[in-house]
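S.K.: Questions regarding the structure given below will be posed in turn.
Rule-based calculations on the coordinates, nothing more; no lab input. Bear in mind the structure is a predicted one, so any value in this text is a computation, not a measurement. Here the Cβ positions follow ideal geometry from the backbone for every residue, glycine too, while neighbour counts run over all protein chains shown.
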Amino acid sequence: MGVFITFEGCEGSGKSTQLQLLKDYLTKLGVDFIFAREPGGTVISEKIRSIILDKSHAEMSDECEALLYASARAQLLNEVIIPALNAGKMVILDRYVDSSLAYQAYARGLGFDFIAKINDFALNGCPPDLTLFLDISPEDAFKRKGGVDESDRLELQGLNFHTKVYEGYLSLAEKFPSRFVKVDCHGEKLQTHEKIINILKEKGYLR
Ligand code: TMP
């Protein structure tokens, strides 16, 4: 079996930048890895992504949103993640089930048990080996990012919502201490990159 690593964080946490730096690093090392983003990563899951994030879908119910994320994830798992893990590859995901626990369970208020239950059905297990949470508060993140992406329905939710997402992530860190690692990312991007590489080495996933 390969190794399954997920990245989590609030909007503007620098996740995309860190993932790009990591992908470049792994490519240089010659590591056999695959990368995908959530929601997305397959033709079907990318179509679901555009339905979820479309800002003209303001009437979307919280339950519909939660089920769509789980559907996109189920497709990605079956089509991409499981075959890659079975082939012994490293799988790097930009978001996974913890995003649903932070955004839909905590911030939307649907509750941990409900979101865990629909994802248990969608995924039939398959937890990550390691989750790296890029730790920066939404206030600091939006300041650094210079505002919100006006085309993204989730980003438009306001600071109160994103603060709840952040608090959700902090409680997940307490709930899953063995796999959920907080990475302080207030510093320079290369400092954060170095921290990530060191964690992967300490865990034995990189030499
Ligand atoms: P991205 O901006 O990191 O590509 O993620 C898309 C948005 O979807 C982002 O606002 C986080 C949100 N999201 C959820 O609310 N629940 C989920 O399960 C996932 C994967 C993402």
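S.K.: Under the rule a/c < 1.5 gives rounded, and otherwise a/b versus b/c splits prolate from oblate, where does the stretch 1-90 land using the Cα gyration tensor?
M.R.: On the way: a/c = 2.77, a/b = 1.58, b/c = 1.75.
Note, shape of the stretch 1-90 comes out oblate.
S.K.: Please label the shape of the stretch 92-143 as rounded, prolate or oblate, based on the square roots a ≥ b ≥ c of the eigenvalues of the alpha-carbon gyration tensor (a/c under 1.5 means rounded; beyond that, a/b larger than b/c means prolate, else oblate).
M.R.: oblate
S.K.: Same structure, new question: Can you compute the helix-only [θ] at 222 nm over the chain? Use -39500 (n - 2.57) per DSSP H run of at least 4 residues, normalise by all residues, nearest 500 deg cm²/dmol.
M.R.: Mean residue ellipticity at 222 nm (helix-derived): -15000 deg cm²/dmol.
S.K.: Find out how many positive minus negative residues lie around residue 120, taking Lys and Arg as positive, Asp and Glu as negative, among other residues whose Cβ is under 12 Å from that of residue 120.
M.R.: Around residue 120, the surrounding residues sum to +1.
S.K.: Once the piece of chain linking residue 124 and residue 182 is laid out straight, how much longer is it, given 0.36 nm per residue of separation minus the C-alpha distance between them?
M.R.: Between residue 124 and residue 182, full extension yields an extra 18.3 nm.
S.K.: Please state the relative contact order of the stretch 3-202 as a whole percent: Cα pairs under 8 Å, 6+ residues apart? It would help to have the intermediate numbers written out before the result.
M.R.: Values: 287 pairs, mean separation 66.7, N = 200.
Answer for the stretch 3-202 is 33 percent.
S.K.: Any idea how far apart residue 117 and residue 57 come out in nm if each label point goes 7 Å out from Cα toward Cβ?
M.R.: Distance between label points: 2.3 nm.
S.K.: Gap in Å between the Cα centre of the stretch 78-153 and the Cα centre of the stretch 156-190?
M.R.: After rounding, the separation between the Cα centres reads 11 Å.
S.K.: Okay, next question. Kirkwood Rh, Cα Rg: Rg to Rh for the chain?
M.R.: Checking Rg against Rh, the ratio lands at 0.94.
S.K.: Okay, moving on. Take every DSSP beta bridge with both residues inside the chain and express the antiparallel ones as a percent of the total, to the nearest 5.
M.R.: Around 5 percent of the beta bridges assigned by DSSP in the chain are antiparallel ones.
S.K.: Specify which residue in the list 10, 198, 36 is farthest towards the positive end of the charge dipole of the chain, using unit charges on the beta carbon of Lys, Arg (+1) and Asp, Glu (-1), about the Cα centre.
M.R.: 198
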